[in-house]
Amino acid sequence: MGKVRILPPALASKIAAGEVVERPASVVKELVENSRDAGASRIRIELYDGGKLSVRVSDDGEGMSPEDVQLAIRHHATSKISTEEDLERILTLGFRGEALPSIASVSRMGIITRANGHPAVRLEVEGGRVLDMREVGAPRGTVVEVRDLFFNLPARRKFLKSTVTEFGHCLEAVVRLALPRPEVSFVVHHQGKERMVLPPSSEEERILKAFGEELQDHLLRVGEERGELELSGWITSPGYFRGNARGIYLYVNGRYVRDRMLLQLLGELYADLIPRGAYPLAVLKLKLPPEQVDVNVHPTKIEVRFRAPEEVYQFVKDALRGVLGKKGFRPAMPQAGVSPSWLFKVESPLRVVGQAGSWIVAEEGGDLLIFDQHALHERILYEELKASEVPTQRLILPQVVELSQQEVQDLMEARDALRIMGFDYEPFGPRSLLVKAIPSSLRPHEIKEFLQELSGEFPRNPSGRVEEALKLLACRGAVKAGESLSEQEMTELLRRWEALSRPQNCPHGRPLLLRLSQQELLRRFKRQV
């Protein structure tokens, strides 16, 4: 008997589901994409246990007829395409007819839906098998509830992360889908509590709502057309940057994509404007004829292939360089070895003049430089910590730190990442940690407050724990506002700042200095001839 055999349909479905459904965030993505394709103006996402227990997505879209909802859970059943030619001009987010059946095969799913002119129905599915279908009362639209994800694949369920981590991924999935559609309302609940509300708004307001009002003064609008190519959206000025590329959102014909060339392009443009290893925040929407891009490359549809990639990348590069140039920033040029100093003219050595409260006053080439001493020292410490191994001090007597159950859970999940920061701790009951070692710059009486503050950053940035710890260590180790400094101490700070190629912002993105040119001083004192 031969060794090759055809897999049973149930097993084949589970394998196929593994390509589309990786975690609860995959469910959120697929269901919200369906809501968007259905023309919904309001989308509500309700999660329990980070989506591991349940994901419920409700919308006011066009809904489905009883016949359509039965077909929707069958593989390769779709309303989005019907011919081979349709693959050349895909404009919807979904098109394969794989998402719902894949999710249904590895969960317990309930669907309530009603389309105009049809009765509302409720369909119950378990592991891909229809259990029940009946008429119910419901408004137009669709509600899909996915419970007990991977209940029939215990090996897959075992690899799901903590509630905090999975919720963070779900939230990120919603943000990705909400940014290009500011006219659509998105509401996210977790454990019965409202966690994110994005009301209908302008593009700019949506970005501020998603990432914080501090971006207000740093957003630069992008709008450029060349033939059939169109680029729109927003990028940040060099006054704001992030320590990773997770703030870069690229969309091709409305679809969120990851494109290494576009990421590299952004990195090159900002190379001389922000610190090495930092990235701007960007929300960029590229439109081109659908036949010029292949979205059927990856099971999750997160990668695309352009028919004329060189033309596309050159267009994007020219458009972004133009935006930065119009605002007076000179982006890096492609020639190797060119490092234009767009911020400073080094005409004479930087010289300390004195200290005024929280400010270090310096002079260079007739220009006046006013530094925020805390932000200046904070950035110096942050860069120095990043570039070297963090010194560790072992505690002679390990310290028991009382925390909340959630804080203990967050910190235990981050233990391996924080070990390279000099931390060594272990659980000591459900609400405490036994701390054995800490970074040398941290004092023992600061341990509890530091860990509480650090764990509070994790839900907003679950994958940047080391970076958050570095920022917090730098902040705590920096000189305080108003702290008196000698001329020698101020000179040393400025020397270390210059050695870092003169960064302009603290690790949190706030400016660390104000420069007043000679011309500006003359103008302000009305002595300009």
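Okay, here's what the table says:
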read-out	value
Residues (farther than 20 Å from residue 331 by Cβ and not in a strand (DSSP E or B)) located in segment 245-273	246, 253, 254, 258
Where residue 245 falls short, out of the listed (1) closer than 22 Å to residue 33 by Cβ; (2) under 18 Å from the mean Cα position of the chain (by Cα)	(1)
Out of 432, 440, sole residue that is at pLDDT 80 or above and over 22 Å from residue 509 (Cβ atoms)	432
Qualifying residue in segment 163-180 (condition: touching a helix residue (DSSP H, G or I) at 6+ places or on another chain (Cβ under 6 Å) and not in a helix (DSSP H, G or I))	no
Every pair of residues 6+ apart whose Cβ atoms lie under 9 Å, when the first sits in segment 187-207 and is touching a residue at least 60 places away in the same chain (Cβ under 8 Å) while the second is polar (S, T, N, Q)	190/163; 191/163; 200/41; 200/185; 203/232
Single unsatisfied condition, residue 494 versus (1) crowded, with 19+ Cβ neighbours inside 10 Å; (2) over 30 Å from residue 210 (Cβ atoms); (3) modelled with pLDDT under 80	(3)
Residue count for segment 112-152, restricted to those that are in contact with a helix residue (DSSP H, G or I) (Cβ under 6 Å, 6 or more places away or on another chain) and assigned to a strand (DSSP E or B)	6
Spans of strands (runs of 3 or more DSSP E) in segment 186-237 with at least 3 residues on the phi < 0 side of the Ramachandran plot, assigned by TED's automatic domain parsing to the domain that holds residue 315 and of a type in the set (A, V, I, L, M, F, W, C)	219-226, 229-236
Residue in segment 50-62 that is part of a loop (DSSP other than H, G, I, E, B), more than 17 Å from residue 150 (Cα to Cα) and either modelled with pLDDT under 65 or not small (Gly, Ala, Ser) (or both) present	yes
So residue 195, is it in contact with a Leu (Cβ under 8 Å, 6 or more places away or on another chain), surrounded by fewer than 18 Cβ atoms within 10 Å (Cβ to Cβ) and either modelled with pLDDT under 95 or among the polar types (S, T, N, Q) (or both)	yes
Residue in segment 16-73 that is farthest from residue 155 (Cα to Cα), counting only those that are among the aliphatic types (A, V, I, L, M) and without any contact (Cβ under 8 Å) to a residue 40 or more places away in the chain	71
Of all residues making up segment 373-397, the number that are within 13 Å of residue 503 (Cα to Cα) and either of a type in the set (Val, Ile, Thr) or at pLDDT 80 or above (or both)	9
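The values are calculated or read from the model by the stated rules, or taken from the named source; none is laboratory data. As the structure is a computational prediction, the values presented were derived from the model and not from experiment. Cβ sites come from the backbone with ideal geometry, for glycine too, and all protein chains shown count toward neighbours.
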